[in-house]
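Below is one structure, written out as structure tokens, with a few remarks after it.
Values in this text are rule-based calculations from the coordinates and carry no lab data. In this text, all values refer to a predicted model and were calculated from it rather than measured experimentally. FYI the Cβ positions are ideal-geometry reconstructions off the backbone, even for glycines, and counts take in every protein chain you see.
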Amino acid sequence: MIDYEYIKVERDDGVVTITLNKPDHLNPWVIPMMEELTLELDLIRVNPDDKVVVFTGAGRAFSSGGDVRAMGGDKPIRPHFMKEHGPNLDRGVMNIPTMTSEERMLGKTLSGARIHKQLFYLDKPTIAAVNGVAAGAGCDLAFGCDFRIAATEARFIQVYIRRALVPLDGGLFWVFQHLPPDKAWGMLLLGEPLTAEEAYRFGVVREVVPQDQLMPTAMDLARRLAAGPGMTMALNKHIVRELRTREQFDRMWELVGQAGPSIRDSWDNAEGVRSFLEKRPPIFTGM
């Protein structure tokens, strides 16, 4: 067991619970947390004793999304379990233990895309127990799971438009998978939140329950899945993915990768970050 700093991992009879564990900052999608998540997901993929994965957040948020301060130039600290074993690298460089030689030779860097692809291609059932706000990458993490159970306080927000960003972590794919077009465009172009009750009405979440019933409900579902025929469920996930979504999912990452550089160089993106840090409404110019 690795002593993580940004996530908490618990195992119970085939169920792996991953808790995003920086509640004082609403569990932001920061690079050290991403390094821990990508390592743990690789371990889960190859461990036959791990049968189901449950994601949740500590405190009052599932995840507040991307590391806006780092977008503004600040550098988050390295995760403590790597400090003694890896170089002190800047934000955006991946040197995690499970990185392949091919990835190293190609100069691959860590982004949310790696984690969302790991989740998409994981042939084990996944559940998001959404305890509060799930914004940006946090929304995409929840949307990428096979099942979602929401507390009554949960909200889903594609916050990227407020920073003048193209959704960088799968939102362009998942929003239209789960929602009718008008509601999907409201999330993507207006940053409109989706409440727990709306998510249930549109079939995005399986259940909406009081906060104190969230984890018992999620664990009940997880144990039912863990008791099932794992190989058959894996084949079901694989075949459905190949038939319905894989080509679109892979193509989405190509297009987002092409759009990213021009967006990051835009005045509006810089203004979106500045306005967030200065706690004021942004003034966009379309440039």
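Kindly flag which residue pairs out of Lys117/Lys183; Lys22/Lys108; Lys124/Lys183; Lys8/Lys124; Lys22/Lys279; Lys51/Lys183 have an alpha-carbon separation exceeding 31 Å in this structure.
Lys51/Lys183, as the Cα separations exceed 31 Å there.
Could you please state, rounded to a whole Å, how far the C-alpha centre of the stretch 219-256 is from the C-alpha centre of the stretch 168-212?
Here the answer is 19 Å between Cα centres.
Would you mind counting up the charge near Ala58? Only other residues with Cβ under 11 Å from its Cβ, with Lys and Arg at +1 and Asp and Glu at -1. Please list the in-between numbers first.
Numbers: positive: Lys8, Lys22, Arg60; negative: Asp24.
The answer is +2.
Please give the net charge around Val130, taking every other residue with its beta carbon less than 15 angstrom from that of Val130, where Lys and Arg add +1 and Asp and Glu add -1.
With Lys, Arg at +1 and Asp, Glu at -1, the net is -3.
Output needed: percent of Cα pairs per 5 Å distance bin for the chain, bins running from 0 to the one holding the longest distance.
1, 5, 12, 17, 19, 19, 14, 8, 4, 1, 0
Enumerate the calculated ³J(HN,Hα) couplings along the stretch 121-138 in order (Karplus 6.51 cos²θ - 1.76 cosθ + 1.60, θ = phi - 60°), each rounded to whole Hz, writing x wherever the residue is Gly or Pro.
In residue order, the calculated couplings are 8, 6, 8, 10, x, 10, 10, 9, 9, 8, 8, x, 5, 10, 10, x, 4, x Hz.
So, how do all the Cα-to-Cα distances of the stretch 151-210 break down into 5 Å bins, in percent, from 0 on up?
Binned Cα distances yield the sequence 4, 20, 30, 24, 15, 6, 1.
I need the per residue convex hull volume for the stretch 109-236, using only the alpha carbons, in cubic angstrom as a whole number.
Enclosed volume per residue, from the Cα hull, is 107 Å³.
Provide the convex hull volume over Cα atoms per residue for the stretch 204-287, in Å³.
For the stretch 204-287, the hull spanned by Cα atoms encloses 187 Å³ per residue.
Considering amide H positions built from the backbone, and no H for Pro or chain starts, which residues 5 or more places from Val133, or on another chain, come under 5 Å of its amide H?
So Val133 has HN proximity to Phe62, Arg155.
Could you run the Debye sum over the Cα atoms of the stretch 120-187, one equal point scatterer each and no solvent, and tell me log10 of I(q)/I(0) at q = 0.15, 0.20 Å⁻¹, two decimals?
-0.46, -0.82
Check Glu207: other-chain or 5+ apart residues with amide H under 5 Å from its amide H, H built from backbone geometry?
For Glu207, the qualifying residues are Ala150.
Return the sequence-ordered ³J(HN,Hα) values of the stretch 234-242 in whole Hz as given by the Karplus equation 6.51 cos²θ - 1.76 cosθ + 1.60 applied to θ = phi - 60°, using x for Gly and Pro.
Along the stretch 234-242, the couplings run 4, 5, 4, 4, 4, 5, 4, 4, 5 Hz.
Test of understanding: extend the Cα→C-beta vector of Glu197 to 7 Å, then name every residue of the stretch 137-167 with backbone N under 19 Å from that spot.
It comes to 149-157, nothing else.
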